[in-house]
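These notes concern the structure reproduced below.
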Amino acid sequence: MAMIVSGLVSDGISMARPHKILVITAGGAYAWVIVNALASGLGGVEVALEQPESKIVFLKRRARKIGWFQTAGQFGTMVISRFGKRLAHARANQIIAASNILTELSPGVQMTPVSSANGADCLKLISARKPDLVFLVGCRMLSRATLSAIPCPVLNYHSGINPKYRGQAGGWWARALGDHENYGTTVHLVDAGVDTGTTLHNAFLKPDPRETLFTDSLAMAAGSRDMVVRAVEDALNATLEPKSSSLPSVQRFEPPVWTYLKTGLAKGIW
């Protein structure tokens, strides 16, 4: 009886070749937790490390979408986050110790710098490596042109439960709204929208009252490692099962500074 193994057909004799997973990321603690989980759980992982985007370019693009007033408010929260991350260092260490995670890229995982996820050098790398799967975690959105040029499945890890917490700060918004049953993460197929691709797997987690806007992503990544490995395994084995949802579809942004401070002072949710 013929069977499919990693995309190859075998008649009782294994013809499987090692799979190749190319992860595109800008790096960071939570991203490395996810990459390391894939590397240890499945192997065959290589990283395309995206270079940081100019804050001016980012803010201009955001202002075109939501206006300068809201963008200024979000920039205020970004400024606070620079200091908040330092204050949250102790909590981050607790998460690291309790979950036994590594927040740097594991030694032995090959890494190649690229200008951006949409750069010609990134597409050249994809063409050269011929991965079975491209996996995104914490990088720029792929343009339609980039997506159409990638010949393999493209999956994204998102720090929020789709479709209700698309975009940014999904964990914070779920806590701020008292929506604890929808605190968690998503792996979904990538399309040209903001986290609008078909959901493949979710990890529903219990928020720790010690979490803040600055530790949610790390805590959720620590609790999502098995889910991420399962989702990528399904993609490699062509056994994906898209999931439907009755949740409303809402794109979230980082809370403007006035919303962040009001929520923290009124509800103790930072």
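Filtered by the rule that a residue be surrounded by 15 or more Cβ atoms within 10 Å (Cβ to Cβ) and in a helix (DSSP H, G or I), region 34-69 gives ILE34, VAL35, ASN36, ALA37, LEU38, ALA39, GLY41, PHE58, LEU59, ARG62, ALA63. Of the set (1) touching a residue at least 60 places away in the same chain (Cβ under 8 Å); (2) in contact with a Phe, Trp or Tyr (Cβ under 7 Å, 6 or more places away or on another chain); (3) more than 16 Å from LEU189 (Cα to Cα); (4) of a type outside the set (Asp, Glu), all apply to VAL232 but (3).
Filtering region 132-153 to residues that are among the β-branched types (Val, Ile, Thr), surrounded by fewer than 24 Cβ atoms within 10 Å (Cβ to Cβ) and within 19 Å of VAL232 (Cα to Cα) leaves only ILE150. Screening ARG140, ARG175 for residues that are out of contact with any helix residue (DSSP H, G or I) (no Cβ under 9 Å at 6 or more places or on another chain), under 25 Å from PHE75 (Cβ atoms) and charged (D, E, K, R) leaves exactly one candidate, ARG140. Only a single item in (1) part of a strand (DSSP E or B); (2) of a type in the set (Val, Ile, Thr); (3) closer than 24 Å to SER54 by Cα is not met by VAL134, and it is number (3). On the stretch given as region 211-250, residues that are touching a helix residue (DSSP H, G or I) at 6+ places or on another chain (Cβ under 7 Å) and assigned to a helix (DSSP H, G or I) total 11.
The conditions of being of a type in the set (D, E, K, R) and at pLDDT 95 or above are met by LYS130.
The values are calculated or read from the model by the stated rules, or taken from the named source; none is laboratory data. Keep in mind that this is a model prediction, so the values were computed, not measured. We place every Cβ from the backbone using ideal geometry, glycine too, and count neighbours over all the protein chains shown.
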